[in-house]
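What follows is a single structure, written as structure tokens, with notes after it.
Where a number appears in this text, it was derived from the coordinates with a stated rule and is not lab data. Note that this is a predicted model, so its numbers are computed, not measured. Cβ coordinates were reconstructed from backbone atoms using ideal geometry, including for glycine residues, and neighbour counts include every protein chain displayed.
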Amino acid sequence: DFTLNHIQFPGKSLTIRAAEGAEVHVSTFTFNTITGSDGASLTLENLIFDGMTGSAEDNEKVNVVGFTNVTIDGCTVIDRLLTPSNTTDTPGTITIRNCTLINENITKDRYAVTTCNTNLIFEGNFIDGYARGVNLQGKGTGYGSIVATANIIQNTSTEDEGAIQVADGLDGVSVMISSNIITDCKAAIAVHDGIDGTPASIEVTENHIT
């Protein structure tokens, strides 16, 4: 196990990964906010985010801000929300791939994942039991892309919000939502009615919804 508490990372590239065959558990309270610098990149691989160690509301979040580029690959998130966002002025990419998010105890009406960047890739993830699925937001740069593909999302409970939603900062952005499996969700795919700007395209294809 290890902890990080409101770290200000001064460098340009940070990778935190579990060694092959190891289980690395991260207490979300102490990993609450990692803040990078403009142009910096962060990679998190094969980590397990679980266990609440305090009472603050933000304990529910695996919160990453300030990095221009973020890759989260093969991580497991239990009873927590994943919220990586590029808060810098530099366009970048956030990739969330092959992650598992399972909720049993969060009762608030929250998305399992909320993420914002010029380019977003949400691929091959499994989400189960949250009020809402994933909220994908652009940066309002007038260009970019959002791709949500090959995910499994099930058992969301909010009727008017999608298991997959795109919202905000979409002017000039190309959106592709494809080959996802959405099961037992109150709503499947949504474009937020308050989006700003006009997307370059929105393509929704070959999703399996039951």
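Summary table below
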| item | result |
| --- | --- |
| Extension reserve of the PHE9-ILE152 stretch, reckoned as 0.36 nm per residue once the Cα distance is removed | 48.2 nm |
| Note, ³J(HN,Hα) from phi for the stretch 204-210, Karplus 6.51, -1.76, 1.60, rounded to Hz, x at Gly and Pro | 10, 8, 6, 8, 10, 10, 9 |
| Sequence-separation-based contact order of the stretch 129-203, relative, with Cα cut under 8 Å and 6+ spacing, percent | 37 |
| Candidate lysines for bridging to LYS61, where Cα separation is under 19 Å - those fewer than 8 sequence places away on the same chain excluded | LYS108 |
| Cα-based shape type of the chain, given that a ≥ b ≥ c are square roots of the gyration tensor eigenvalues and the cut on a/c is 1.5 | oblate |
| Most fluctuating residue given options ARG17, ARG97, ARG80, as computed from a GNM of the chain linking Cα atoms under 10 Å | ARG17 |
| Contact order normalised by residue count of the chain, Cα under 8 Å, 6+ apart, percent | 13 |
| Additional length obtainable on full extension of the chain from GLU23 to THR87, 0.36 nm per residue less Cα span | 20.0 nm |
| Student exercise, the stretch 103-205 dipole from Lys, Arg, Asp, Glu Cβ charges, in Debye to nearest 20 | 200 |
| Summed side-chain charge close to ASP196 - residues other than ASP196 whose Cβ falls under 14 Å, Lys, Arg +1, Asp, Glu -1 | -2 |
| Shape of the stretch 56-150, Cα gyration tensor, a/c cut at 1.5 | prolate |
| Between the stretch 170-195 and the stretch 82-106, the alpha-carbon center distance in angstrom | 16 |
| Net dipole in debye of the chain [+1 Lys, Arg Cβ; -1 Asp, Glu Cβ; about Cα centre; nearest 20] | 360 |
| Candidates GLY11, GLY172, GLY21: whichever shows maximal mean-square fluctuation once the chain is modelled as a Gaussian network with Cα springs under 10 Å | GLY21 |
| Cα-projected label distance for THR210 with VAL65, points at 7 Å along beta-carbon direction, nm | 4.1 |
